[in-house]
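> Quick one: the structure is below, questions incoming.
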Amino acid sequence: MKVVIENIDKVFKNNNNIKEVLKDISFNVNEGQFVSLLGPSGCGKTTLLSIIAGFQDATEGKILVNGLEVKKPGPDRGFIFQNYALFPWMTVKDNILYPMKQQKISKEKRKERLSELLKMAHLEGNEHLYPHQISGGMKQRTAVIRALACKPEVLLMDEPLGAVDFQMRQILQEELEALWLQDKTTVIMVTHDVDEAVYMSDRVIVMSTESGKIIGDLEINLKRPRNREDLEYESYKAKLTSILKDALNYDKKDKEIERKGINKGEQIV
Ligand SMILES: Nc1ncnc2c1ncn2[C@@H]1O[C@H](COP(=O)(O)OP(=O)(O)OP(=O)(O)O)[C@@H](O)[C@H]1O
Ligand SMILES: [Mg+2]
């Protein structure tokens, strides 16, 4: 098991305000698996991913990566923030070199890895440009190889294509998949897009809106690259959409229970 997520609870306390965001989240991810966390806005996806990254602590439970408990961020976990988050004042090359410098990788090794990564992402010849001088696709590939620079055990991506328009998004999904297929790093990706989840993932974990629970766990058994026209592809999408709809109803029920002061567990007809 590459990643073990064990009984994670997360409660935010601000003054007198207590917010339970994640409730008893447990799942395992196998080596080389591409797993998506799918769920509506506010369900706790970013919170969970940043706990796995070690940016935040869980209130309860623990995360193991390669059998070792996560206590803080580390080079075993690469992270891609929403909208790529490249350093705008650094060239493509310096963006990619940055994490390797942080890890004190020797100059020679850095140079070697840089040219390997540029080749992998078809970015050779563009390394001296700044983020504002390259296309959305190139930015995304730069962010991916920057996250892969130190050969992480696990790649964590928070809606890496969140701000991209529909057509561009499909092109970038294909590029991202092609990059991933080259070395099959274990991936956990956050998305709220059902189509993206089916296109990219080996497995999709669905979270409910407000109760911060897992309400679905579906393996996508389709050949890669996936064909969006395929009937089976459509049926996976339909299945996930229906799980999400159930989630919304489930949350409504939860709210109604709260409003009416009914004990949880009692049926609302
Ligand atoms: N530091 C914090 N203090 C208090 N509440 C927080 C904090 N961080 C997140 N939350 C709350 O936790 C909930 C989950 O937030 P999170 O960012 O994990 O959601 P998300 O699923 O990533 O949503 P989105 O799809 O919109 O990015 C939200 O209700 C948010 O307001
Ligand atoms: Mg988020």
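Just so it is clear, none of the values below were taken in a lab; they were calculated from the coordinates. This is a predicted model, so every value here is computed, not measured. Quick reminder, even Gly has a Cβ in these numbers, built from the backbone with ideal geometry, and neighbours come from all protein chains shown.
> Just to check your reading of the model, which residue among ILE52, ILE5 is closer than 21 Å to LYS184 by Cβ and either in contact with a His (Cβ under 9 Å, 6 or more places away or on another chain) or assigned to a helix (DSSP H, G or I) (or both)? Explain how you work it out, then say what you get.
Details: ILE5 fails: either in contact with a His (Cβ under 9 Å, 6 or more places away or on another chain) or assigned to a helix (DSSP H, G or I) (or both).
Sole residue among the options that is closer than 21 Å to LYS184 by Cβ and either in contact with a His (Cβ under 9 Å, 6 or more places away or on another chain) or assigned to a helix (DSSP H, G or I) (or both): ILE52.
> Which residue is surrounded by the most Cβ atoms within 10 Å (Cβ to Cβ), if the candidates are limited to region 67-125 and must be more than 22 Å from the chain's Cα centre (by Cα) and among the polar types (S, T, N, Q)?
Among residues in region 67-125 that are more than 22 Å from the chain's Cα centre (by Cα) and among the polar types (S, T, N, Q), the one surrounded by the most Cβ atoms within 10 Å (Cβ to Cβ) is THR91.
> So, VAL198, is that one within 16 Å of ligand 2 (Cβ to nearest atom), surrounded by 18 or more Cβ atoms within 10 Å (Cβ to Cβ) and among the hydrophobic types (A, V, I, L, M, F, W, C) or not? Explain how you work it out, then say what you get.
On the way: within 16 Å of ligand 2 (Cβ to nearest atom): no; surrounded by 18 or more Cβ atoms within 10 Å (Cβ to Cβ): yes; among the hydrophobic types (A, V, I, L, M, F, W, C): yes.
Considered against the rule, which asks whether it is within 16 Å of ligand 2 (Cβ to nearest atom), surrounded by 18 or more Cβ atoms within 10 Å (Cβ to Cβ) and among the hydrophobic types (A, V, I, L, M, F, W, C), VAL198 comes out as no.
> Right, another one. Test VAL164 against the criterion of being hydrophobic (A, V, I, L, M, F, W, C), in contact (Cβ under 8 Å) with a residue 12 or more places away in the chain and part of a helix (DSSP H, G or I), and give yes or no.
Details: hydrophobic (A, V, I, L, M, F, W, C): yes; in contact (Cβ under 8 Å) with a residue 12 or more places away in the chain: yes; part of a helix (DSSP H, G or I): no.
Answer is no for this residue.
> Suppose we filter region 201-219 for residues that are exposed (fewer than 14 other Cβ atoms within 10 Å of the Cβ) and among the hydroxyl-bearing types (Ser, Thr, Tyr); how many remain? Lay out the reasoning, then the answer.
So in region 201-219, the residues exposed (fewer than 14 other Cβ atoms within 10 Å of the Cβ) come out as 217, 219.
Subsequent filtering for residues that are among the hydroxyl-bearing types (Ser, Thr, Tyr) retains none.
The total comes to 0.
> Moving on to the next point. Yes or no: VAL21 touching a residue at least 60 places away in the same chain (Cβ under 8 Å), more than 24 Å from MET200 (Cα to Cα) and among the hydrophobic types (A, V, I, L, M, F, W, C)? Break it down stepwise before answering.
On the way: touching a residue at least 60 places away in the same chain (Cβ under 8 Å): yes; more than 24 Å from MET200 (Cα to Cα): yes; among the hydrophobic types (A, V, I, L, M, F, W, C): yes.
Yes.
> If a residue has to be outside any strand (DSSP E or B) and on the phi < 0 side of the Ramachandran plot to count, how many in region 8-21 make the cut? Talk me through it step by step, then tell me what you get.
From region 8-21, those outside any strand (DSSP E or B) are 15-16; that's our starting set.
With on the phi < 0 side of the Ramachandran plot added as a condition, the list becomes 16.
Total satisfying the criteria: 1.
> Which of the numbered conditions does LEU222 fail, given that it passes all the others? Conditions: (1) among the hydrophobic types (A, V, I, L, M, F, W, C); (2) surrounded by fewer than 18 Cβ atoms within 10 Å (Cβ to Cβ); (3) outside any loop (DSSP other than H, G, I, E, B).
(3)
> Hey, another quick one. Restrict the check to region 59-80 and report whether at least one residue is assigned to a loop (DSSP other than H, G, I, E, B), among the polar types (S, T, N, Q) and either without any contact (Cβ under 8 Å) to a residue 12 or more places away in the chain or within 16 Å of ligand 2 (Cβ to nearest atom) (or both). If you could, list the steps in order and put the result at the bottom.
Filtering region 59-80 down to residues assigned to a loop (DSSP other than H, G, I, E, B) leaves 59, 66-67, 70-76.
Checking which are among the polar types (S, T, N, Q) leaves us with 59, 66.
Checking the rest, the ones that are also either without any contact (Cβ under 8 Å) to a residue 12 or more places away in the chain or within 16 Å of ligand 2 (Cβ to nearest atom) (or both) come to none.
Taking every residue of region 59-80 in turn, none turns out to be assigned to a loop (DSSP other than H, G, I, E, B), among the polar types (S, T, N, Q) and either without any contact (Cβ under 8 Å) to a residue 12 or more places away in the chain or within 16 Å of ligand 2 (Cβ to nearest atom) (or both).
> Give me the residue from region 22-49 that is of a type outside the set (S, T, N, Q), assigned to a loop (DSSP other than H, G, I, E, B) and within 12 Å of ligand 1 (Cβ to nearest atom) and, out of that set, surrounded by the fewest Cβ atoms within 10 Å (Cβ to Cβ).
Filtering region 22-49 down to residues of a type outside the set (S, T, N, Q) leaves 22-25, 27, 29, 31-32, 34-35, 37-40, 42-45, 48-49.
Then drop every residue that is not assigned to a loop (DSSP other than H, G, I, E, B), which leaves 31-32, 39-40, 42-44.
Now drop any that are not within 12 Å of ligand 1 (Cβ to nearest atom), which leaves 39-40, 42-44.
Values: GLY39: 26, PRO40: 16, GLY42: 13, CYS43: 25, GLY44: 25.
Among them, the one singled out is GLY42.
> Then there's this: Within the set of pairs 6 or more residues apart or between chains, which connect a residue that is part of a helix (DSSP H, G or I) inside region 122-150 to a residue that is surrounded by fewer than 18 Cβ atoms within 10 Å (Cβ to Cβ) and not acidic (Asp, Glu) with Cβ atoms less than 6 Å apart?
Between residues of region 122-150 that are part of a helix (DSSP H, G or I) and residues that are surrounded by fewer than 18 Cβ atoms within 10 Å (Cβ to Cβ) and not acidic (Asp, Glu), the close pairs are PRO131/PRO88; GLY136/MET168.
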